[in-house]
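Novice: Sending over a structure as structure tokens; questions will come in a sec.
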Amino acid sequence: MKLPIHKAPLETRSLLGVAPSELESLIEEWGEKKFRAKQILEWIYEHQVVSIDEMTNLSKSLRERMIAAFHLFESQIVTESIATDGTRKLLLSWSDGQTTECVLIPGENRRTACISTQVGCPVGCVFCASGLDGVKRNLHAGQIVEQVMRLKRLCEPENRLSNVVFMGLGEPLANYDNTVSALRQINGSIGIGARKITISTVGLPKQMRRLADEQLQFTLALSLHAPTDELRQKLIPWAEGVTIEELVSAAQHYFERTGREVTLEYVLLADINDAPQHAKDVAKICMKMRANVNLILYNPVPDLPYRRPADATARQFLTTLKENGVNAHLRPSRGLDIDSACGQLRRRTQQTDTTLPCTAPQ
């Protein structure tokens, strides 16, 4: 099914970012029956309409009022890339001309949407393309949800999207309110189970504790990438004011409040953080908290001096962790032939064409 090219007027609000309770209240304020809100939500999330005009069991006057206040799909697809392994990446352009990425990752028994929460990234990890140009702005809750709906449509005909990971452009917890609003929509309205949703953070202890106190069942992934403060601060500029001990404490609080183990994400960089001693030090961190480790082979970024370690080195790192009692996994690399690492497609497109023409089916 094709989506029409549509540039949403900036004065309207995304209907995808409106909570069901808020929509019910608004509908009643307009003098309509409360059940109309349920009908609207069914049109959006079950029938997946692309315009309010398609909601044919609503009165014309209600549809006109809705159109004056809200929009559905705001973004345009600038580019769609499909990897040989089936991974699909969309570069989306928003009404203000800013662009973000989202990725659909197929698996044997799952389809995972990887989505962005900011335009660019403020963290500035030295090995990552996302933060090379800094952060431009936060995405609104509706724009975050829209990415999931875009990718869900790519799962046709069955539309079975099983997992969502907040691991695209940006730091989700630096855009806390919009991220949590989007999480509730994705969980409640789209129907993705909380345990199938992962929020990745570079480590903001205050926000990690705040998220824990929401008492939701989402998975929290902490980007560790180094077992010592000294090395971590070299790799992640934002880590300068936060120690690993503080992160361990916040992660343990998350486990205690939610009962959910925290996942430690660890990108393996050749000759930088992939030595056997690094693995032993990571294991010591894991002994202080309830956590598992997700090892990631680095996806090289043009113009950056970092390299992917040899497969044997990665396997040895994994073995060392397991020998030290850590529940660890080596994540398979996906989409290497389509600039799948965060920020690569957006950056390459900006460098080659600032007009961002639409080249993919809408």
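Novice: With the structure loaded, tell me whether Y266 is more than 12 Å from A291 (Cα to Cα), at pLDDT 95 or above and under 22 Å from the mean Cα position of the chain (by Cα) or whether it fails that test.
Specialist: Spelling it out, Y266 is indeed more than 12 Å from A291 (Cα to Cα), at pLDDT 95 or above and under 22 Å from the mean Cα position of the chain (by Cα).
Novice: Next question, about the same structure. Give me the pairs: first residue in the range 272-296 and more than 14 Å from L318 (Cα to Cα) and without any contact (Cβ under 8 Å) to a residue 60 or more places away in the chain, second residue part of a helix (DSSP H, G or I) and acidic (D, E), beta-carbon distance under 9 Å, and six or more apart or on different chains, which are they?
Specialist: K288/E245; R290/E256
Novice: Right, here's the next one. Quick check: is even one residue across the range 124-138 within 21 Å of A194 (Cα to Cα) and either assigned to a strand (DSSP E or B) or out of contact with any Leu (no Cβ under 7 Å at 6 or more places or on another chain) (or both)? Give the steps one after another, and end with the answer.
Specialist: Let us first name the residues in the range 124-138 that are within 21 Å of A194 (Cα to Cα), namely none.
Within the range 124-138, none of the residues are within 21 Å of A194 (Cα to Cα) and either assigned to a strand (DSSP E or B) or out of contact with any Leu (no Cβ under 7 Å at 6 or more places or on another chain) (or both).
Novice: Restricting the search to the range 220-237, which residues are farther than 20 Å from Y298 by Cα, in contact with a helix residue (DSSP H, G or I) (Cβ under 9 Å, 6 or more places away or on another chain) and surrounded by fewer than 21 Cβ atoms within 10 Å (Cβ to Cβ)?
Specialist: Step one: filter the range 220-237 for residues farther than 20 Å from Y298 by Cα, giving 220, 229-230.
Among the residues that remain, those that are also in contact with a helix residue (DSSP H, G or I) (Cβ under 9 Å, 6 or more places away or on another chain) are: 220, 229.
Of everything in the range 220-237, just one residue is farther than 20 Å from Y298 by Cα, in contact with a helix residue (DSSP H, G or I) (Cβ under 9 Å, 6 or more places away or on another chain) and surrounded by fewer than 21 Cβ atoms within 10 Å (Cβ to Cβ), namely D229.
Novice: Taking the conditions exactly as written (touching a Lys or Arg at 6+ places or on another chain (Cβ under 7 Å), within 25 Å of N175 (Cα to Cα) and either buried (at least 22 other Cβ atoms within 10 Å of the Cβ) or of a type outside the set (D, E, K, R) (or both)), does A141 satisfy them or not?
Specialist: no
Novice: Take the conditions closer than 21 Å to S223 by Cα, small (G, A, S), touching a residue at least 40 places away in the same chain (Cβ under 8 Å) and not in a loop (DSSP other than H, G, I, E, B) and apply them to A113. Does it pass?
Specialist: Numbers: closer than 21 Å to S223 by Cα: yes; small (G, A, S): yes; touching a residue at least 40 places away in the same chain (Cβ under 8 Å): yes; not in a loop (DSSP other than H, G, I, E, B): yes.
Judged against the criteria, A113 is a match.
Novice: Checking the structure you have, find out if any residue of the range 274-285 is modelled with pLDDT under 95, under 26 Å from A129 (Cβ atoms) and in a loop (DSSP other than H, G, I, E, B).
Specialist: No, that holds for no residue.
Novice: Next question. For the range 51-62, give me the residue count where each residue is part of a helix (DSSP H, G or I) and either surrounded by fewer than 18 Cβ atoms within 10 Å (Cβ to Cβ) or touching a Gly at 6+ places or on another chain (Cβ under 9 Å) (or both).
Specialist: So the answer is 4.
Novice: Further question on the same structure: Consider V165 carefully, then state whether it is in the same structural domain as L91 (by TED's automatic domain parsing), without any contact (Cβ under 8 Å) to a residue 40 or more places away in the chain and of a type in the set (A, V, I, L, M, F, W, C). Explain how you work it out, then say what you get.
Specialist: Numbers: in the same structural domain as L91 (by TED's automatic domain parsing): yes; without any contact (Cβ under 8 Å) to a residue 40 or more places away in the chain: no; of a type in the set (A, V, I, L, M, F, W, C): yes.
No.
Novice: Which of the residues belonging to the range 228-257 are over 23 Å from S130 (Cβ atoms) and either in a loop (DSSP other than H, G, I, E, B) or modelled with pLDDT under 95 (or both)? Show your work before the answer.
Specialist: Start the filter on the range 228-257 by keeping residues that are over 23 Å from S130 (Cβ atoms), which leaves 228, 230, 243, 245-246, 248-249, 252-257.
T228, T243, listed by residue number.
Novice: Test S189 against the stated conditions and say whether it is of a type in the set (G, A, S) and under 15 Å from the mean Cα position of the chain (by Cα).
Specialist: So S189 fails the test.
Novice: Okay, next question. Where residues in the range 278-298 are in contact with a helix residue (DSSP H, G or I) (Cβ under 9 Å, 6 or more places away or on another chain) and farther than 23 Å from Q215 by Cα, which of them is surrounded by the fewest Cβ atoms within 10 Å (Cβ to Cβ)?
Specialist: Once the filter is applied, the top-ranked residue is K280.
Novice: On the basis of being of a type outside the set (F, W, Y), at pLDDT below 95 and either assigned to a loop (DSSP other than H, G, I, E, B) or assigned by TED's automatic domain parsing to the domain that holds S116 (or both), does Q185 make the cut?
Specialist: no
Novice: Hey, another quick one. As an exercise: evaluate V78 against (1) farther than 20 Å from R160 by Cβ; (2) touching a residue at least 60 places away in the same chain (Cβ under 8 Å); (3) surrounded by fewer than 17 Cβ atoms within 10 Å (Cβ to Cβ); (4) in contact with a strand residue (DSSP E or B) (Cβ under 8 Å, 6 or more places away or on another chain) and give the number of the one condition it does not meet.
Specialist: Exception for V78: condition (3).
Novice: Can I ask one more? Taking the condition on the phi < 0 side of the Ramachandran plot, touching a Gly at 6+ places or on another chain (Cβ under 9 Å) and either crowded, with 19+ Cβ neighbours inside 10 Å or part of a strand (DSSP E or B) (or both), does V301 pass?
Specialist: Numbers: on the phi < 0 side of the Ramachandran plot: yes; touching a Gly at 6+ places or on another chain (Cβ under 9 Å): yes; either crowded, with 19+ Cβ neighbours inside 10 Å or part of a strand (DSSP E or B) (or both): yes.
Spelling it out, V301 is indeed on the phi < 0 side of the Ramachandran plot, touching a Gly at 6+ places or on another chain (Cβ under 9 Å) and either crowded, with 19+ Cβ neighbours inside 10 Å or part of a strand (DSSP E or B) (or both).
Novice: Does A129 meet the test of being buried (at least 20 other Cβ atoms within 10 Å of the Cβ) and under 13 Å from the mean Cα position of the chain (by Cα)?
Specialist: no
Novice: Here is a follow-up. Is one or more of the residues making up the range 250-260 closer than 21 Å to G168 by Cα and not small (G, A, S)?
Specialist: no
The values are calculated or read from the model by the stated rules, or taken from the named source; none is laboratory data. The shown structure was predicted, so the numbers you read here are calculated from the model rather than taken from an experiment. A quick note on method: Cβ atoms are made from the backbone with ideal geometry, for glycine too, and the neighbour counts reach across all protein chains shown.
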